[in-house]
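Report on one structure; see the data block that follows.
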Amino acid sequence: MVHRESDHEEPRYLYATIADGLRAAINRGDYRATGRLPTNEELADRFGTSRSTVVKALDVLRDERLIETRRGSGTFVAPGLPGGAAPVEAAGEAIVSESVPAVLLGPSLIKAFEANEVTLDVYSMTTEVLANRVSDQAQRIQEGGTRPPARITARLMLPDTRAPLDVPTNVDDPDDPRPVQRLQGILFRSVSQIRQSLFDLQAKGLVPEVTVEVRVVSWIPDFKLYILNGNLALQGLYEITEHDVMWERTGEVMTIKDAIGLGSASLLHPYRADPGADSASGRLGFVGRAQKFFDSRWEHRAIEAEF
């Protein structure tokens, strides 16, 4: 769908649509060659909008620390992101600090899928971002862009929409079932996409063994957690906020209270296990503790989902 401004009024969400498009391009590494984004004028022409709308979209990405503007040079991808300057390396585990910037999921999955055995342990509100990035990796394997792994194992732990959840809710009508029904639809589509992407690899004889398990918990996660191949943990915090969504069946816009990724739903804080540590001492770091957190809830609190 092409969004263009009318002669009288800017579309309500056009700047957000532009921000989403640029965020996705950064995630894919589209600006990797130079790290420099197109000029405001070029972006306005590309999206068929005004320069002021582009500036508003860039402000969103700047607040999320995805881009930075250098006076006289232009706008660039922030250091540590695909196409940005290399981040400062930390010894041993990466420590979340000002010198270790948040990262995006896509590049981490690229590296994870280059292993012979891929494991994905996921604790999240939804798996929308994961579903798209897993599809990217499945396509990459099918196109011969990387050696297929021998085994892929995914465990997804998600909220149970049959439970009395605090969010999402309609701000104007807390008893409105539509926000939860909307969440159900998002979960079903994203889990189905992940399953189809991975099991297609097995069906085509590219990956001999694929396992995808889904379990649900009766609460809304306070954070999202991805543990990739047991040696990299990516964590993102949620905040409860209000935002407008459209009910697809009628086109009605409603304001809901929802759990949204803090700063940006795509930004995650990285922790990498020390490759030189033995298994016993390695379990003392954040990655090991995160794995214990996930395993304990998977075994003792989560129940099998009916997807």
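Derivation of every value follows stated rules applied to the coordinates shown; laboratory data play no part. What you see is a predicted model; the values in this text were computed from it and never measured. FYI the Cβ positions are ideal-geometry reconstructions off the backbone, even for glycines, and counts take in every protein chain you see.
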Quiz item: Can you work out the base-10 log of I(q)/I(0) for region 89-304 at q = 0.08, 0.18, 0.19 1/Å, using the Debye formula on its C-alpha atoms alone?
Solution: -0.31, -1.36, -1.44
Quiz item: Considering only DSSP beta bridges with both partners in region 89-304, what is the antiparallel share in %, to the nearest 5?
Solution: 65
Quiz item: What is the distance, in nm, between label points placed 7 Å from the Cα along the Cα-to-Cβ direction at TRP247 and at PHE188?
Solution: 1.7
Quiz item: Distance from the Cα centre of region 210-237 to that of region 152-206, in angstrom?
Solution: 13
Quiz prompt | Under-5 Å amide H pairs with ALA305, H placed in peptide plane, nonlocal only | solution = VAL214, ARG215, VAL216
Practice problem: Could you go through region 152-169 in sequence order and give the Karplus-derived ³J(HN,Hα) for each residue, using 6.51 cos²θ - 1.76 cosθ + 1.60 with θ = phi - 60°, rounded to whole Hz, and x for Gly and Pro? | Solution: 10, 10, 10, 10, 10, 10, 10, x, 8, 6, 7, 7, x, 8, 6, 9, x, 9
Quiz item: Amide H neighbours of THR169 under 5 Å, counting only residues 5+ apart in sequence or on other chains, H built in-plane at 1.01 Å?
Solution: LYS257
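Using the Cβ atoms and a cut-off under 13 Å, what net charge is assigned to the surroundings of THR146, where Lys and Arg are +1 and Asp and Glu are -1? List each step's numbers first, then the result.
Working: positive: LYS111, ARG140, ARG147; negative: GLU114, ASP136, GLU143.
Here the count lands on 0.
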